[in-house]
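One structure is given below, encoded as structure tokens.
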Amino acid sequence: MRKSNFRTWTFYTLMLILFCIFTYVLFQNAKVFDGLHISNVPATASQPDASQSSFESFKVSILNNIAEPAAMLLLQIISILIVSRIFGFLFAKIGQPTVIGEILAGIMLGPSLLGYFYPEAFNFLFATDTLGNLYILSQVGLILFMFIIGMELDLSALKEKISETYVISHASIFIPYFLGMLLAYFVYQEFAAYLTDFLPFALFIGISMSITAFPVLARIVQEKGLTKTHLGTIAIASAANDDVTAWCILAAVIAIAKTGSFISSLYTIALAIVYVAAMLLIVRPFLKRVGEIYHNSEVLNKSIVAFLLLMLILSAFITQMIGIHALFGAFLAGVVMPPLPNFRKMIIEKIEDVSVTLLLPLFFVFTGLRTEIGLLNTPHLWMVCAIFIIVAVSGKFFGGAFSAKILGESWKDSLSIGVLMNTRGLMELIVLNIGYEMGILPPPIFVMLVIMALVTTFMTSPLLSLINMIFPEKDVEKEYIIQQTQGIFKALIALGNPENGKTLLTVAKTLLDGTKNSLAVTVLHITPGTDTNPIYGEQFALESFKGVLNEAKMLDIPIETEYKVMDNIELGIVKSVNQNNYDFLLVGAGVSLSGISFLKESKLFDRIKWLNKFINQVSKKQVFFYPGSLIKDKTRYFIENSNCSVGVFVNRGFEGITSTIVLLQTESDEFLLRYARRLLKNSSQVTIQIIDMNKLAITSDVIRQGIHDLKLQFPDEVKVNKATRLSTNFLSKYSFMLISYQAWNILSESENKELSNIPSTLIINKKISRFHTGARNRIVSNPDIDPALNF
């Protein structure tokens with residue numbers, strides 16, 4: 001081996017030496033060409049300033065490179081992505097759709113903020129002559145986005161629910177549409193008479209009032225956990241119907257606006273109807289057969305994706321040529337895609353990240369460049385803006401709410417539908433920009449309508465929360481009492497990765513299933529990020545839970561499943577726990593502790609701990625900044641906010657629960673002995689090794705009695721060890737460990753290196769909230785229930 005390495009390096013060194021020698025000889029002989037290029041340079045060509053120093057020339061070169069179109073476009077995209085992601089993250093943290101933050105980010109980068117306070121930076125970054133490429137990219141992003149929106153619509157589902165929802169959706173279109181045209185009648189002379197005729201202006205104001213943002217509404221419904229409810233079903237179907245109807249109306253409005261009269265537009269509308277019929281009756285069946293053949297990722301190759309993108313671009317081009325805008329063609333191309341959830345999911349995943357994350361923020365910035373808040377510079381203009389908002393909210397809210405009530409919905413659901421249908425978001429901005437580019441919406445009206453879109457989208461989540469407060473869904477304490485009197489022990493298993501569901505279900509069955517309480521398990525899977533497409537959430541959930549459902553059948557555990565999409569996963573889990581009266585929350589840690597010992601032995605660990613200590617002192621809040629802290633961070637959040645006991649499972653190659661360590665650190669760990677009793681009752685293969693770290697069997701009457709009772713009931717399976725350290729050899733003999741959250745903190749803070757060698761471990765915090773304690777006091781006299789089992 002050494003001989004081979006020597007030969008390799010010798011050859012490499014010789015090659016470098018020869019390369020340098022031959023290069024030197026070549027350039028020495030090339031000196032005869034010096035000065036020849038000067039005579040061939042045109043007189044007008046720019047030459048380097050001989051008086052400049054080398055560094056000055058370098059700086060000029062850098063500035064010239066930045067000013068090149070490609071470099072400027074990249075700089076614009078970088079700044080847009082950074083600002084939009086920051087704003088999107090901040091708004092997600094306060095429970096708002098990320099699209100609101102991204103729209104505001106575009107406005108902030110426009111003349112309203114950046115251009116007002118830093119005009120030089122604004123004019124450099126968004127100079128008028130550099131916006132052409134940015135505009136084209138933003139339009140490509142919109143075309144891809146509308147293609148995705150079309151794929152979100154399930155026409156078969158709409159057919160099933162059309163009898164229930166077409167009245168709601170059409171009432172929430174026609175009522176605000178008329179109010180919008182009525183408002184246009186009063187503002188036309190002041191704002192738009194110099195720019196366009198009344199007919200297209202009134203039609204565009206009407207359509208801007210009647211748009212519902214289906215994607216934003218669907219994500220709000222999903223994040224609120226309403227997807228499988230009657231309200232969620234009605235709201236999503238109504239919004240989908242609204243979207244289809246509104247885009248058809250928009251196509252007609254664009255045709256009328258371009259031709260100048262309704263009669264002239266009939267040719268365009270007739271051609272559009274023929275095209276739509278051809279797409280639905282000819283192209284859609286053909287694509288369905290394509291989808292049946294290429295229905296999974298193994299056979300969905302680049303050629304098929306290229307073919308589908310070609311269909312998208314061709315459809316967009318045809319509708320642009322007809323005169324009803326390219327976006328309508330993109331939307332229609334999405335609608336006619338094969339109605340197969342797996343196929344659509346794969347196509348959406350390939351397109352959505354690029355269109356939504358990279359290209360769509362460019363459109364927000366273009367909207368921001370056109371949104372100059374300074375145009376509303378008088379109280380009168382702000383009053384007109386307020387009137388636009390009031391008319392928009394009134395038309396949508398009352399149109400949706402009262403039509404739902406007339407159809408027999410409850411007041412709570414009717415009001416919620418009205419609020420949800422009032423969501424406008426990105427779809428509104430698309431309509432407004434079309435009107436602006438066609439010269440129909442004057443700049444002040446455009447600004448007012450953008451503000452209206454932001455306000456109506458922002459108010460959706462708070463108003464839904466207010467409605468839930470006014471119409472409380474259930475008496476939580478009463479339900480808890482009923483739950484306990486029936487002897488039901490409710491456990492929630494929260495999955496980050498569905499593949500871990502089978503393991504956590506086995507742990508729940510062995511640890512929590514008892515003879516006096518019937519175990520009711522709910523498995524919750526939350527997909528992070530509201531950018532995840534929600535339309536086929538139920539189908540995705542079935543796929544995710546397939547392994548868990550099979551395992552539950554084998555273990556004979558009746559389970560329920562729940563699927564959500566949220567930005568804040570921990571918050572979503574805690575809300576589910578507290579709203580549904582769970583007795584126990586079981587989550588996976590999501591980390592492996594292998595490698596922690598290596599880190600702790602390095603100097604880097606000391607520096608990280610010093611940085612963590614500094615952060616703690618500055619923020620006055622404890623933060624763990626080193627590997628393994630994820631367990632602490634998650635556990636702390638769940639413990640502080642959940643109204644039940646919490647178990648965090650650390651998977652260390654889990655194969656089953658057999659030889660088990662129960663670690664007792666303080667007297668408060670006595671509750672672990674009851675979990676040990678459950679393990680022994682539920683599995684004949686379990687043996688218990690109690691580790692008494694601080695001789696509690698001698699000093700604590702509670703611990704001594706608990707160990708005595710356990711050994712009396714299971715004399716052969718229970719042993720006690722008074723060890724004060726956990727050696728690697730000792731830990732390697734066991735398959736499972738139970739430890740309290742308090743003991744885990746003590747051991748991890750002492751930098752116990754043996755923690756990196758623990759077996760699969762369940763970290764448990766015993767908690768009974770004040771509410772549960774009060775409820776239990778009312779049922780403790782029931783002889784059929786053992787309160788001790790409610791850990």
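Each of Leu555, Leu464 has its accessible area taken with a 1.4 Å probe; listed largest first, they run Leu555, Leu464.
For the pair the range 188-212 / the range 650-696, the C-alpha centres are spaced 72 Å from each other. For the range 649-758, the Cβ-based charge dipole about the Cα centre amounts to some 240 debye (Lys, Arg positive; Asp, Glu negative; other atoms uncharged). Only one residue of Gly260, Leu182, Leu217 has its Cα farthest out toward the positive end of the dipole of the range 138-285, where Lys and Arg carry +1 and Asp and Glu -1 on Cβ, and that residue is Leu217.
Figure note: Cys644, Cys248 ranked by solvent-accessible area, largest first, 1.4 Å probe, ligands and nucleic acids not counted: Cys248, Cys644. With R₀ set to 41 Å, the beta-carbon distance separating Phe186 from Glu120 gives a calculated FRET efficiency near 0.50. Evaluated at q = 0.20, 0.22 Å⁻¹, the base-10 log of the normalised Debye intensity for the range 223-351, with identical point scatterers placed on the Cα atoms, takes the values -1.13, -1.22. Considered as an equivalent ellipsoid built on the Cα gyration tensor, the range 67-166 has semi-axes of 35, 18, 11 Å, the largest given first. In this rough spin-label picture, where each label sits 7 Å from Cα along the Cβ direction, the Asn5-Ser465 distance is 6.3 nm. Given their separation in residues at 0.36 nm each and the Cα-Cα distance between them, Glu749 and Phe55 gain 244.5 nm when the chain is fully extended. Principal axis extents of the C-alpha atoms in the range 391-454 (largest first, rounded to whole Å): 43, 17, 16. Using the Cβ-Cβ distance between Tyr135 and Leu314 with R0 set to 22 Å, the FRET efficiency from 1/(1 + (r/R0)^6) comes to roughly 0.50. A 1.4 Å probe over all protein chains sorts Asp242, Asp709, Asp413 by accessible area into Asp709, Asp413, Asp242, starting with the largest. Solvent-accessible area per residue in the range 355-426 equals 34 Å², computed with a 1.4 angstrom probe and all protein chains kept. For the range 165-249, the Kirkwood estimate of the hydrodynamic radius, built from every pair of different alpha carbons, is 14.0 Å. A full extension of the chain between Phe730 and Asn301 corresponds to an added length of 149.2 nm, given 0.36 nm per residue minus the alpha carbon distance. Binning all Cα-Cα separations of the range 201-242 at 5 Å, short to long from zero, yields these whole-percent fractions: 5, 24, 25, 17, 11, 8, 6, 2, 0. When you count the other C-beta atoms within 10 angstrom of each residue and take the mean per peptide, 338-345, 22-29 line up highest first as 338-345, 22-29. Placing one equal scatterer on every Cα of the range 275-381 and applying the Debye formula, the log10 ratio I(q)/I(0) at q = 0.14, 0.19 Å⁻¹ is -0.67, -1.02.
The heavy atoms of Phe654 present about 40 square angstrom of accessible area, all protein chains included, probe 1.4 Å. Give me the one-decimal nm value for the distance between modelled label points at Leu358 and Tyr24, 7 Å along each residue's Cα-to-Cβ direction. According to this spin-label approximation, the distance is 4.6 nm.
Lys767 exposes around 50 Å² of accessible area when a 1.4 Å probe is run over every protein chain in place. Structure note, pairs Lys224/Lys350; Lys93/Lys575; Lys224/Lys575; Lys224/Lys412; Lys695/Lys719: Cα-Cα distances above 19 angstrom occur for Lys224/Lys350. Met469 exposes around 150 Å² of accessible area when a 1.4 Å probe is run over every protein chain in place.
Computed about the Cα centre, the dipole magnitude for the range 327-457 is approximately 220 debye when only Lys and Arg (+1) and Asp and Glu (-1) carry charge, each at its Cβ. Backbone amide hydrogens, once placed in the peptide plane, bring Met737 within less than 5 Å of Ile661, Thr761, Leu762, excluding anything fewer than 5 places away on its chain.
Here's how it looks for Val718: its modeled amide H is under 5 Å from those of Ile688, which are all 5 or more places away or on a different chain. Averaging 1/r over each pair of different alpha-carbon atoms in the range 102-211 and inverting the result gives 17.9 Å, the Kirkwood hydrodynamic radius.
In this structure, Lys31 and Asn65 have a Cβ-Cβ separation that, at R0 = 25 Å, corresponds to a calculated FRET efficiency of about 0.25. Using a 7 Å offset from Cα along Cα-Cβ at Ser518, what residues in the range 676-709 end up with backbone N under 12 Å from the label point? Backbone N within reach: none found. Applying the Karplus relation 6.51 cos²θ - 1.76 cosθ + 1.60 with θ = phi - 60° to the range 336-350 yields 3J(HN,Hα) values of 8, 4, x, x, 10, x, 5, 5, 5, 4, 5, 5, 4, 5, 6 Hz, where x marks Gly and Pro.
Relative to the current alpha-carbon distance between Leu81 and Arg704, full extension at 0.36 nm per residue lengthens the span by 218.1 nm.
The values are calculated or read from the model by the stated rules, or taken from the named source; none is laboratory data. In this text, all values refer to a predicted model and were calculated from it rather than measured experimentally. Cβ sites come from the backbone with ideal geometry, for glycine too, and all protein chains shown count toward neighbours. In case anyone asks, the SASA skips ligands and DNA or RNA and just uses the protein heavy atoms, side chains included. Shrake-Rupley method; radii C 1.70, N 1.55, O 1.52, S 1.80 Å.
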